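To start, the structure under review is shown below, and the notes come after it.
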Amino acid sequence: MGWQPGPGGKGEGPDPGTGLSDPLGPVRDPRLSGFAADGAWDTARPSAALAVALETASGAAWRCPGATRDEMLGMLRQWQALETWAAAGKLGLLRALICDDDQPLPGGGFHGDLPDGWTKSLTHEVALALSMPAVSADKLMWLAWDLQATLPGTGDLLAAGELTLAKARAVDTALGGLADERAAAAEAMILPDLPGKTYGQVEKLAVQAALTVDPDSATRRREAAEQHTCRVQLFREDSGAAGLSGRDMPTDQTLAAHAKVCARAQQYKDSGVFDRETRMDQFRVAAGRPRDPAGHAARPGQAAGGEPRPRPARPRSVPPVGRGRRREPADPAVRDGHRPRRDRRRARLRPRQTGEGETREDPANRPRHSGVLACPGEPDDHRRAPGGTGRPAADHRTADHRTADHGSAADHGSAGRAAVDLCPRRRSRTAR
């Protein structure tokens, strides 16, 4: 901020010149003309003198009183040059710390006066001083090392204010995988064209230069990324929504997966069942979501906390019949599992009602005639009907006649128990 008068009306420091403050109104600073196109300050390299001139000409709260549009744009460019100059100074101090550490990694040497590595304690000291994570501090230190050891021309452009720190980092990333000789050759190819370029243009120039000097570098870089740095990241967006990002994934598989998502999104759009205001990105998001167990896809634009889809009714478990078979009881009370224990016992003793004279295989693999209780291991003449009348087992009357005469074992509990007493294997249990 510019020079300000003290509380008593007198300045706390020396007056840098006229034009900073005037009780009658702002006065134009004479240095402003030097920041016009091709002016003295406009072409000056970043320095402490330029910083003083910029601070003085900017005025209170950097309002630039009396400056024209061309002069303000020139001051804006020089403020950015000072920013890159300060970044170059920070990287220079990091190199000084590396040299002071003077402990290269095992088996490493030196590039000039810079050792090929440093201790982890130095990385943590830098991270503490700059209030950043240790991983970020290590990357910043390697950038400082590269801009002197392998890419000195890019470091000079940064110090001259003609290349921002982000652009210098893009050049280092593109040329970092090359050998020292090839990296120097690629840098020499693009160095005159870097000033005045945008970040994307600088990045493309660096990548093309790397491919020119080493055509196989792109393949090695891609394969190394797919093998060592491929990842899927789940993170929180600034809006509070979720973000899912896949990085350094295999090219062919990623293209195939993206094509499937786009094809499914196009099917959603062509169906015509969604609102016309639905964007194509919403269809892609719905197509990329996993489907529910019923196979239904998520509705495009549906919120995560929307109305849940009703679950399909699950089949109720019923008692097993035979081997591996299940039969649904007709009685709702039995189907719901609320029949009393005594009734469940009687249900087990109830004869099977099948067709006339039809036999069926029971769980013990013994023949059982319709309407007759059979006891395993007993001869046929010991078999008795539930009514206890002594009829032979092969009763050729219909099931309706038998039910009308005697009813079922559940309706005549005493008759059912009498039939059980005839079986030697069940007599002891009945007596108990």
What number of residues within region 262-287 are in contact with a helix residue (DSSP H, G or I) (Cβ under 8 Å, 6 or more places away or on another chain) and surrounded by fewer than 10 Cβ atoms within 10 Å (Cβ to Cβ)? 0
Going by the structure shown, is T84 at pLDDT 95 or above, surrounded by 14 or more Cβ atoms within 10 Å (Cβ to Cβ), out of contact with any Asp or Glu (no Cβ under 7 Å at 6 or more places or on another chain) and among the β-branched types (V, I, T)? yes
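Can you tell me how many residues in region 243-291 are in a helix (DSSP H, G or I) and small (G, A, S)? Reasoning before the result, please.
At the first step, the residues of region 243-291 found to be in a helix (DSSP H, G or I) are 251-271, 280-288.
Cutting the leftovers down to small (G, A, S) gives us 256-257, 259, 263, 265, 271, 286-288.
Residues meeting the conditions: 9.
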Single unsatisfied condition, G240 versus (1) over 30 Å from S47 (Cα atoms); (2) in a helix (DSSP H, G or I): (2)
For the list (1) free of Cβ contacts under 8 Å to residues at least 12 places away in the same chain; (2) surrounded by 13 or more Cβ atoms within 10 Å (Cβ to Cβ), I need the number of the one condition that P215 fails. (2)
Residue under question is A188, and the condition is that it be surrounded by 15 or more Cβ atoms within 10 Å (Cβ to Cβ), touching a residue at least 12 places away in the same chain (Cβ under 8 Å), more than 20 Å from A81 (Cα to Cα) and not acidic (D, E); does it hold? no
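The values are calculated or read from the model by the stated rules, or taken from the named source; none is laboratory data. Since the model is a prediction, treat every value here as computed from it, not as a measurement. Every residue, glycine among them, receives a Cβ derived from its backbone with ideal geometry; neighbour counts consider all protein chains shown.
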